[in-house]
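Read the structure below first, then the notes.
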Amino acid sequence: MSDVPIPFAISIDRLTVKYRGKAAVEGLNLKVPRGAVYALLGDNGAGKSTTMKVLTGQVPPNAGRAEILGIDTWAKAADLRHRVGYVPDRPKLYDWMTVAEMGWFAAAFHLPGFKERYLDWAAKLGLDPNKRLKDLSKGGYARVGLALALSPDPEVLLLDEPTSGLDLRTRREFLGSLVELAAEGRTILISSHSISELERFISHAAFVKDGKIELAATLEELDGRFRRVGFRALGPVPDLSILGHVLESTRTGRSVQYLIQDPDPMALDALRDSSAVTDFEEGPVALEDIYAAYMAPLHPDGTVFRPMSSRTTAEVLS
């Protein structure tokens, strides 16, 4: 076996999974670098949970391949059991057990140290060790699932909608802990459709639609590739096609806003200096707005005509 470090903690190549002949995931490709906090973003039914099930060895691919730490997730799933932590979107636990008993039971399937780490995580997540799972709130039940996933001290953590049911404070504390875990060398793949709360904590994002990756990049790359441009046209609206790919457009009278992918800096400068426009403003775009524009159905001319958000132009472009 080679001693050369594997650059990608998770590698998915042309993955296809079908249920009753219909593709839930089709030709999906994804590379997750070591130490990344990577968000897999998509609407319900996009293929996120199926991808997670392949990565955890629950579902075999119909075609393609998925690897974690260089190990095939289906053919050698047992080899990954103690190296990967997983939180499903709906954890199924023994409700008659107490929080502490759940950790004791799960420890029988793991290496030494699991139970102690579980009790430590349970305390950090505010769980009463003597309380029965059936008496926990939805958020408390979810926190037990998180504690179980973190207790093997995993190199890779797979989280499928992990913050569902958690209160705001607990969500923020948990998401903040992901950054600390990644700093220790762990890799985290988090599947979610709650985009706005993730943006502060993730390093990468991939948009999933109809079982395929539509776009994958670091947040820094996304920030450089998408800009919002707003101005007031003094006459006919200038031809915006020279700026780049216009993903979304909104208009109020002569005031217009555009969300542009891969803008041409020289064309933006020319528009800013043009006598045909006034009140020119340019600024970054939030991840949630990029997602909404990129994944929405397109107008026949290739753009999406609808408001981006409830925020004002000044707030967005400031």
Practice task
Let me have the relative contact order for region 209-263, percent, based on Cα pairs under 8 Å that are six or more residues apart.
Solution key: 39 percent
Handout entry: Directionally averaged shadow of region 1-90, computed from the convex hull of its alpha-carbon atoms, nm²
Key = 6.5 nm²
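Grab the DSSP H runs of the chain that are 4 residues or longer, score each as -39,500 (n - 2.57), total them, divide by all residues and round the 222 nm result to the nearest 500 deg cm²/dmol.
My calculation for the chain gives -8000 deg cm²/dmol from helical runs alone.
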Fill in the blank from the handout: Connecting every pair of Cα atoms under 10 Å apart in the chain and solving the GNM, the largest mean-square fluctuation among Ala100, Ala123, Ala217 falls on Ala123
Practice task
On a 0 to 90° scale, report how tilted helix 114-124 is relative to the longest principal axis of the chain, with both axes built from alpha carbons and the result rounded to the nearest 10.
Solution key: 50 degrees
Fill in the blank from the handout: Candidates Val208, Val246, Val256; GNM for the chain (alpha-carbon contacts under 10 Å) flags as most fluctuating Val256
Fill in the blank from the handout: Rounded to whole angstrom, the alpha-carbon centroid of region 221-253 lies from that of region 98-144 at a distance of 51 Å
Problem - Non-local Lys pairs in region 43-153, i.e. 8 or more apart or on different chains, that have alpha carbons under 16 Å apart - result: 5
Practice task
Order these peptides, 46-52, 171-177, by their mean beta-carbon neighbour count within 10 angstrom, highest first.
Solution key: 46-52, 171-177
Handout entry: Net +/- balance of residues flanking Lys31 in space, Cβ distance below 12 Å, scoring K and R +1, D and E -1
Key = -1
Problem - Förster radius 25 Å - calculated FRET efficiency between Glu221 and Asp153 (Cβ-Cβ, nearest 0.05) - result: 0.20
Fill in the blank from the handout: Compactness summary of the chain: radius of gyration and Dmax from Cα atoms, Å, are 22.7, 74
Exercise for the section: Pull out the extension gain between Phe109 and Arg172, defined as 0.36 nm times the separation in residues minus the alpha carbon to alpha carbon distance; nm, one decimal. Expected result: 19.6 nm
Problem - Rel. contact order, % - alpha carbon contacts under 8 angstrom, at least six apart, the chain - result: 18 percent
Fill in the blank from the handout: Yeah, region 99-156 with a ≥ b ≥ c from its alpha-carbon gyration tensor (a/c under 1.5 is rounded, else prolate when a/b outruns b/c, oblate otherwise) is prolate
Handout entry: Residue of Pro154, Pro162, Pro284 that the Gaussian network model of the chain assigns the largest fluctuation, springs spanning Cα pairs under 10 Å
Key = Pro284
Completion exercise
Restricting to Cα pairs under 8 Å and 6 or more apart, the percent relative contact order of region 62-191 works out to 29 percent
Exercise for the section: Assuming a ≥ b ≥ c are the square roots of the Cα gyration tensor eigenvalues, decide whether region 157-270 counts as rounded (a/c under 1.5), prolate (otherwise, with a/b larger than b/c) or oblate. Expected result: prolate
Exercise for the section: Between the alpha-carbon centers of region 162-207 and region 8-27, tell me the distance in whole angstrom. Expected result: 24 Å
Fill in the blank from the handout: Here the FRET efficiency for Lys124 versus Ser275, based on Cβ atoms and R0 = 41 Å and rounded to 0.05, is 0.10
Practice task
For an R0 of 35 angstrom, estimate the FRET efficiency from the Cβ-Cβ distance between Glu101 and Thr16 and round to the nearest 0.05.
Solution key: 0.30
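Only the coordinates and a few stated rules stand behind these numbers; no lab work does. All values reported here derive from a predicted model rather than from experimental measurement. Ideal geometry is used to build each Cβ from the backbone, glycine not excepted, and the neighbour counts take in all protein chains shown.
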